[in-house]
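Asker: To start, I am sharing the structure in question, which I have written as structure tokens.
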Amino acid sequence: MQDCVVCASKLTKPFNTSDNLLYWHCSSCEVIFLDSKHHIDATSEKERYLEHENIIEDIGYRDFLSKLINPLKEKLYSGSCGLDFGCGHGPALADILNKDGFEVDLYDPFFYQNKEIFSKTYDFITCTETAEHFFSPKKEFDTLNSLLKPKGWLGVMTCFLTERKAFDKWYYRRDPTHVVFYAKKTFEVIGKQRGWKCEIITKDVVLFYKQ
């Protein structure tokens, strides 16, 4: 059996999809994750990310990111210092926040390997369209917890799981770099395990407050 990669529960069950991929479902936190034997290599992963048209100046992309940016800004004070974790090759979110007067560091394991961030802490952290790529989500969220100051905010945006019966044909699952799929309950468990307050802002957007 496979322990849950998010909450470490042993209450997981395997299932296969029509394209012969093995997934696991955790009945404790309701996450679904791809078995590690199907994870693609780092070279293929980076090539896939370079196909993303995450252009900093693109108005549509900036509007898309505003789903997280706008509610997060309401929680922040002037001069807050943040981190865009998993910013990709086109860090539009940081550009938007910079222009709104916030200082934002960048980190991405492929495009901005800024290891200096691991010796700092932040008033806020953003993680947009990134959490679904985590091979080891529990470890990654523990890392984010260590980087976040007390009374800090973590904003996460990813496509939430909906009906299990729709999972097989779900477009979001078909991206080979997407390996973890979170339900609302998953985020509630993630928050509870770390003492974070969890706010589901809207579909696909969650804010955590480090109390």
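The values are calculated or read from the model by the stated rules, or taken from the named source; none is laboratory data. Because the structure is a prediction, the values reported are computed rather than measured. Every residue, glycine as well, gets a Cβ built from its backbone with ideal geometry; the counts of neighbours run over all protein chains shown. Quick note on the areas: whole protein, heavy atoms, side chains included, nothing else; ligands and nucleic acids left out. Shrake-Rupley method; radii C 1.70, N 1.55, O 1.52, S 1.80 Å.
Asker: Considering Cα pairs under 8 angstrom that are at least six residues apart, work out the relative contact order of region 1-102 and quote it in whole percent.
Answerer: 17
Asker: Can you check how the C-alpha radius of gyration of region 130-211 compares to 2.2 N^0.38 Å, as a plain ratio?
Answerer: Against the empirical 2.2 N^0.38 Å value, I get 1.11 for region 130-211.
Asker: What does the convex hull of the Cα atoms come to per residue for the chain, in Å³?
Answerer: Measuring per residue, one finds 118 Å³ for the Cα hull of the chain.
Asker: Which trypsin sites (Lys or Arg not before Pro) in region 1-85 pass both tests, a DSSP loop state and at most 12 other beta-carbon atoms within 10 Å?
Answerer: Listed in order of number, the matching sites are K10.
Asker: Hey, another quick one. Let me have the 222 nm mean residue ellipticity of the chain computed from DSSP H runs of 4+ only, each contributing -39500 (n - 2.57), with the sum over all residues rounded to the nearest 500.
Answerer: Value at 222 nm, helices only: -7500 deg cm²/dmol.
Asker: Restricting to region 46-165, what percent of DSSP beta bridges are antiparallel, rounded to 5?
Answerer: Looking only at bridges with both residues in region 46-165, the antiparallel portion is about 5 percent.
Asker: Under unit Cβ charges (Lys, Arg +1; Asp, Glu -1), what dipole magnitude, rounded to 20 debye, does region 6-73 have relative to its Cα centre?
Answerer: It works out to roughly 440 debye.
Asker: How long is the gain from R174 to I55 if the chain were fully straight, where each residue apart is worth 0.36 nm and the alpha carbon distance is subtracted?
Answerer: Value of the extension gain: 40.6 nm.
Asker: Where in region 120-211 are there trypsin sites (Lys or Arg not before Pro) that are in a DSSP coil and have at most 12 other Cβ atoms within 10 angstrom of their Cβ?
Answerer: Listed in order of number, the matching sites are K120, K169, K203.
Asker: Sticking with this structure for a sec: Can you give the accessible area of S119 in Å² (nearest 10), computed on protein heavy atoms with a 1.4 Å probe?
Answerer: Accessible surface of S119 is approximately 100 Å².
Asker: Report the label-to-label distance for D142 and H89 in nanometres (one decimal), using points 7 Å from each Cα along the Cα→Cβ vector.
Answerer: 3.2
Asker: Among the aspartates and glutamates, select those whose C-alpha is under 19 Å from the C-alpha of K203, and discard any that sit fewer than 8 residues away in the same chain.
Answerer: E30, D63, E74, E129, E132, E163, E188
Asker: Working from Cα positions, state the angle (0 to 90°, nearest 10) between the long axis of helix 137-147 and the longest principal axis of the chain.
Answerer: Between helix and principal axis, roughly 20 degrees.
Asker: Another one. Picking from L11, I125, F187, whose Cα lies most toward the positive end of the charge dipole for the chain (charges on Cβ: Lys, Arg +1; Asp, Glu -1)?
Answerer: After comparing all options, I get L11.
Asker: Next question. Only bridges whose two residues both fall in the chain count here: according to DSSP, what percent of them are antiparallel, nearest 5?
Answerer: Antiparallel bridges make up about 60 percent of those DSSP assigns within the chain.
Asker: Helix 59-73 against the longest principal axis of the chain: what's the angle in degrees, Cα atoms only, rounded to the nearest 10?
Answerer: Tilt of helix 59-73: around 80 degrees.
Asker: Next question, about the same structure. Using the crude model of +1 on Lys and Arg Cβ and -1 on Asp and Glu Cβ, and no other charge, please compute the dipole size for the chain relative to its Cα centre, in debye to 20.
Answerer: Here the size comes out at about 1020 debye.
Asker: Now, a different point. Suppose the chain between N98 and T121 were pulled fully straight at 0.36 nm per residue; how much longer would it get relative to their current alpha carbon spacing?
Answerer: 6.5 nm
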